[in-house]
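Working notes, beginning with the structure itself.
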Amino acid sequence: MYNNYMAYNEELTNRVRRAFNHLPNVEEKKMMGGLTFMVNNKMCVGVLKDDLMARIDPQVYELALEKKGCREMTFTGKPMKGFVFVNSEGTSNTKDLNYWIDLALDFNKRAKATKKKK
């Protein structure tokens, strides 16, 4: 089910919220046509339609693409290395969802924050 304002799956969004519930410095932002979860002011994961978007280490990007339900994020028309979409096949149970969240949180520790526009 989509909410009235943005095109994202509310059930998946609530599952992601629960996964981040114990962490400090988590902020939700509406962007890219969905809802993004920022951790320590850095994009970590998001929900767009029925997909999870995960910002992962570019070093594990190719390996991640082999996982069930995972595909390149081609938001701009070309693949964005380090960003993947995972469909419901890859997030249907808690273990699979947590795999992607943990992968994104692991990279978040090393990821650079986007510079704020003045």
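The values are calculated or read from the model by the stated rules, or taken from the named source; none is laboratory data. What you see is a predicted model, and the numbers here were worked out from it, not measured in a lab. Neighbour counts are summed over all protein chains in view; Cβ atoms, including those assigned to glycine, are modelled from backbone coordinates with ideal geometry. Heavy atoms of the whole protein, side chains included, go into the accessibility calculation; ligands, DNA and RNA do not. Shrake-Rupley method; radii C 1.70, N 1.55, O 1.52, S 1.80 Å.
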Keeping to the range 36-51, report how many residues are under 11 Å from the mean Cα position of the chain (by Cα) and open to solvent by 30 Å² or more (accessible area, probe 1.4 Å).
-> 2
Which ones in the range 52-69 are open to solvent by 20 Å² or more (accessible area, probe 1.4 Å) and not β-branched (Val, Ile, Thr)?
-> Arg55, Asp57, Pro58, Gln59, Glu62, Leu63, Leu65, Glu66, Lys67, Lys68
Over 22 Å from Val39 (Cα atoms) and either in contact with a helix residue (DSSP H, G or I) (Cβ under 7 Å, 6 or more places away or on another chain) or loosely packed, with under 11 Cβ neighbours inside 10 Å (or both): does that describe Glu89?
-> no
Using the structure shown, decide if Leu63 is assigned to a helix (DSSP H, G or I), within 20 Å of Leu35 (Cβ to Cβ) and modelled with pLDDT of 95 or more.
-> no
Out of all the residues in the range 20-45, which are free of Cβ contacts under 8 Å to residues at least 24 places away in the same chain and within 25 Å of Pro79 (Cβ to Cβ)?
-> Lys29, Met31, Thr36, Phe37, Met38
Which ones in the range 92-103 are out of contact with any Asp or Glu (no Cβ under 9 Å at 6 or more places or on another chain) and either open to solvent by less than 70 Å² (accessible area, probe 1.4 Å) or outside any helix (DSSP H, G or I) (or both)?
-> Ser92, Asn93, Leu97, Asn98, Trp100, Ile101
Count, please, the residues in the range 50-76 that happen to be free of Cβ contacts under 8 Å to residues at least 12 places away in the same chain and within 22 Å of Ala113 (Cβ to Cβ).
-> 2
Does Leu23 fit the bill of being touching a strand residue (DSSP E or B) at 6+ places or on another chain (Cβ under 8 Å) and part of a loop (DSSP other than H, G, I, E, B)?
-> yes
